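Report on the structure given below.
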Amino acid sequence: MEQFAALLRSNDRTPVRYLVVDDSVFARKNITKMIEAFGGMVVGEAGDGCTAITEYDRTQPDLVLMDITMPQMEGIEAADRIVRNHPHARIVMVSSVGYQENIVAALQKGARHFVQKPVKAEVLYEVIKYVMADDAVAVSAAAASAGAGE
């Protein structure tokens, strides 16, 4: 995987905290590897929308990466519920079901962006930078490790 500048929270220069939601363990592991390559930290995982809501409340992540098609509760419904309870929640839908109506519905329910599966690390990185906006800063790997020793 290519080298990425670490995305850190701009207020305290700590890793961006993520909740990864997908019913596929393989997909969660793949996205987790990407997040780690971006200098991020996975603070929670969920395999369905119901668990995603509970995990969001428990972990208060900076960003949620959520699949659409899942058992018990679809990702769009889970996104809607999370955003209703936490209006500042940042959710990026990550799905192979990239139909126009799904993308529009997800955005209407509060998702901030959509990434098509299979996920390309460079695309996910740019989307995360965009969604985090001024709340994250990209720091070179050398600067990030130097800052960790302070």
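General remarks:
- Efficiency of FRET from Cβ geometry, VAL137 and ASP57, R₀ 25 Å, rounded to 0.05: 0.40
- For the stretch 8-47, convex hull of alpha carbons as volume per residue, Å³: 47 Å³
- For the stretch 1-95, GluC sites (Glu not before Pro) meeting the loop criterion (DSSP other than H, G, I, E, B) and having at most 15 other Cβ atoms within 10 Å: GLU2.
- For VAL42, the residues whose amide H sits under 5 Å from its own are TYR18, ignoring neighbours fewer than 5 places away on the same chain, with H placed 1.01 Å from N.
- Using θ = phi - 60° and Karplus 6.51 cos²θ - 1.76 cosθ + 1.60, couplings along the stretch 86-93 (whole Hz; Gly, Pro as x): 9, x, 8, 4, 10, 10, 10, 7
- For the chain, the number of Lys pairs with C-alpha atoms closer than 16 Å, counting only pairs eight or more positions apart or on separate chains, is 5.
- Largest GNM mean-square fluctuation across ALA27, ALA133, ALA111, computed for the chain with C-alpha springs under 10 Å, falls on ALA133.
- When the Cα positions of GLN72, ALA89, ILE35 are compared along the charge dipole of the stretch 16-150, ILE35 comes out farthest toward the positive end, with charges on each C-beta of Lys, Arg, Asp and Glu.
Values in this text are rule-based calculations from the coordinates and carry no lab data. Because the structure is a prediction, the values reported are computed rather than measured. Glycine gets a Cβ as well: all are built from the backbone with ideal geometry, and neighbour counts include every protein chain shown.
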